[in-house]
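A short worksheet on the structure shown next.
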Amino acid sequence: LDRLPGLAERWQLGPGDHVLGGPVEEVEAVLDAWNVARERDPVTGDVAHPPLLFLVDAAGVIQFVTLSGRETVVELAKMM
């Protein structure tokens, strides 16, 4: 959890954006529910996964999953 603020800054996330963090079991459960493939480094514990971006509506329903850049994400968000 200590590294999440640095990641959010590097990814240029704004105040309304969120990153997933918490106890390993809870994070793993969310990743399973969202069908995110990943691999945990046995030495560092870091999780490697595709750079997926989930656009979730106000009801918590996933509307879009993308690997696309900022422009595409903005267009998808306008469709929600």
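Residues in segment 10-56 that are under 15 Å from residue 66 (Cβ atoms), free of Cβ contacts under 8 Å to residues at least 24 places away in the same chain and either touching a Pro at 6+ places or on another chain (Cβ under 6 Å) or part of a loop (DSSP other than H, G, I, E, B) (or both): 11, 17, 35, 36, 49, 50, 51, 52.
With respect to (1) surrounded by 12 or more Cβ atoms within 10 Å (Cβ to Cβ); (2) in contact (Cβ under 8 Å) with a residue 12 or more places away in the chain; (3) under 22 Å from residue 3 (Cα atoms), the lone exception for residue 73 is condition (3).
We did not get these values from a lab; they are worked out from the coordinates using the rules stated. Model, not experiment: these values are computed from the prediction. Using ideal geometry, Cβ is built from the backbone for each residue, glycine included, and neighbour counts are taken over all protein chains shown.
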